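Report on the following structure.
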Amino acid sequence: LTLWYRLKKSDGNYIWIEDRMVKIVPEEGEPYISGVMIDNSNLKKAEEALKESELLYKGVVEDQSELIIRFDGSGNLKFVNEAYCRYYDQDYQKAMKTNWFENFNKEQQQIIVDNLLKLSKQNPTFTFELKEQDQEKWIEWTIRSIFDNNNAIIAFQAVGRTITERKLAEIERENIMNQLIQSQKMEVVGRLAGGVAHDFNNLLTAINGYASLAYSKLSENDPVRKDIKVIQECGEKAANLTKQLLTFSRKQIVEPKILNINQIILEVDKMLKRLIGEDIELKTVIEDSLKSIKVDKVQLEQILTNLVVNARDAIDANGTITIFTKNITVDKEIDTIHNTIKPDEYVMLSVKDNGQGISEDVMEHIFEPFFTTKDQGKGTGLGLATVFGIIKQNDGAILIESSKDQGSEFKIFFPATDQVAPDSAIEFDEKDLPSGNETILLTEDEESIREFVLDILEEYGYTILEAENGTEALEKAKNYKKNIHLLLSDVIMPSMNGQQLAEALKDVHPETKVMFMSGYTESTAIQKGILELKTGFLQKPFSANDLITKVRKILDS
C-alpha cells in the first residue's frame, strides 16, 4: 500500500510524503506493518509543473483557432492540433496518415518547396497565402524550420490563419476600384465626345448636306455622281461614329416614343441585308402580338445595326443571322455576368448567329469601351459598349448565350408597355418633299450650316429670317411685324443659347413654334428645357430630307 500526504514541519512548511507500506506475517507472532516514508516534495512539484505545462500547451496549441502542424521535408505530418482537424474535417489519427502538401495543387506545392529550400538559421521563417483547391477559402501560413544541435533542419512547423473574409473584402474592393476606373473611362470618353461632337457634327451636316444636294442635281450618267456617292457614304460612317460616342457617353438628346420592335425591324431590313452581304442569310422570327416598348427610335436602330454587324463579323464564311422578337415574363430575378434582369413583363429582342462564339475571357470585357477582338482598323470597340449604354439608359437588360464554334445569341429585354405604338411615319421621297410658305427664323452660328439650311428651306418655298446668334435673332424678331411661324435654332450658341432665345421670343411672338437642331448638348438643363418647351428636335448631321420633313411636321402639328 502506498499513500501520499502532506506533513507540516516544525518551521511551518509542508512536505509531500510517499508512504510505502507492506504487511508482514511472521511465522511466529502477530502480523505487523512495515514501511518506508520518503520525502517526495520535489517529485510532486515536478508533477504539478508538468500539469501546468500541459495546460499551457493545451491553451497555446490545442485551444487556438490557428491551424498548427509539424511535418518533415516530404510533407508528411508529424503533429496536428485540434483546429487543423476541425478545419479539414478529419480526426487526429486520419490526419496523421496524410501528406500536408496534398492539400495544394502542383503549382502551390512548388512554391512551398522552393521556399523551404531557402530556409536557414539566419532566415528561419517565411509567410505566404494559399487558396484552397476548388474553394473560396484562403489561409495565410507561416512556416518555421526546426534545427538540431548541429544547426541542421530536422522538421518544419507551420501556423495557418484563415483570411477568407479579408481576401473576399480585398476582391470586393478591387472590383469597386475596377468599376471606378471604368466609370472614369466613360467620363473621359464623354468629355472627348462633347468636345469634338458639336463642331464635328456641324462639319458633317454641311459635308453630307451639300453632297446630297450635288448628288440629286447630277444625271444618272454623270461620272462625278459616283464620287459624290463615296463622299456621302463616308460622311454617314463618320456621323454614325460620332453618334456612337454620344450614345455611349449618354450625351445625346433622345426622344423616347412608344414603338413596336417588329415595325422597326421591317423598316431597317433592307439596310441590314446590305450591311451583312450576300454570303450571309438574314432571317426574322417575330411574334405577331408583340407588345410595345418606349425607347428612342434612332437608338433602337443603333442596337439592331451594331448587333447584326457584330454577328456578321463573327461568321467566317457563309452563315445565318436570325432576329427574334418575343413577349417574355420574368418571374424571378436573373443574375447575369453583366447585369440583373428583374421580375417584370418584357419584350425580348434577340440577335443570333452561328459563328465562332465568344470565349470566357472575352465575355468579361465585351461591353468595355474600346475593347475589340477585331484586327487593327476593323473595329472601334464602341459598338457593343453603345448597345449596353442604350439598354441601361432605357431600364433594360441583356443576356448573352455563347459557346465555342456554336455561335452566340444576344437577348435584350425592354420593359413592355400596354400603350399601342402608332403606325410608321410616312417617308417622303426627295422628289415629293412637302413645301410651305411660312416664315422661319433661322439661328445658327456656323455659317456653312446656316447657308445649307437657308438654301434648302428657300428652295421649298419658305421665307427665311437668318441670324448668326441669339441676340441678333431676337432683335430681328422684334422688328418683324408679321407672324414668325417657326424658330429653327441651334442649341449651343455664344451669348444666348437656343433655350434662352426660345423663352425670350415668347414675349415678342407667342405664336412661334420652336425646333432645335444640335449635334451635342451636355447640359442637362438644356435637355430638360427642350422637353419642357415641347419643341421639335433635329439631330445633326441631318439631310435635306430630314430637315424638310421635320419642319413640315412641326408646322402642321
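The values are calculated or read from the model by the stated rules, or taken from the named source; none is laboratory data. Given the structure is predicted, the values throughout are model-derived calculations rather than measurements. Glycine gets a Cβ as well: all are built from the backbone with ideal geometry, and neighbour counts include every protein chain shown. Keep in mind that these areas ignore ligands, DNA and RNA; they rest on the heavy atoms of the full protein, side chains included. Shrake-Rupley method; radii C 1.70, N 1.55, O 1.52, S 1.80 Å.
Structure data summary
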quantity	calculated
Efficiency of FRET from Cβ geometry, Glu102 and Arg225, R₀ 51 Å, rounded to 0.05	0.05
Subset of Lys478/Lys553; Lys411/Lys553; Lys229/Lys553; Lys217/Lys283; Lys342/Lys550; Lys270/Lys352 violating a 30 Å alpha-carbon distance limit	Lys411/Lys553; Lys217/Lys283; Lys342/Lys550
Å² of accessible area per residue within region 266-320, as computed with a 1.4 Å probe and no ligands counted	54
Cα-based reach from Lys482 at 12 Å (exclusive), listing aspartates and glutamates while leaving out same-chain residues under 8 positions away	Glu438, Glu511
Potential extension, Ser74-Ile464 segment - 0.36 nm per residue separation minus Cα distance	131.1 nm
Packing rank of 505-511, 77-83, where each peptide gets the mean count of other beta carbons within 10 Å, highest leading	77-83, 505-511
Carbon/sulfur fraction of accessible area - region 124-184, other protein chains in place, 1.4 Å, %	47
Simple spin-label estimate for Asp114 and Lys273 in nanometres, 7 Å along Cα-Cβ	6.1
Packing-based order for 298-307, 285-294, using average beta carbon neighbours within 10 Å, highest first	298-307, 285-294
Per-pair calculated FRET efficiency, R0 = 51 Å: Asn545 and Asn175 via Cβ, rounded to 0.05	0.60
Simple spin-label estimate for Leu213 and Glu18 in nanometres, 7 Å along Cα-Cβ	12.1
In region 90-141, GluC sites (Glu not before Pro) in a DSSP loop with at most 12 other beta-carbon atoms within 10 Å	Glu136
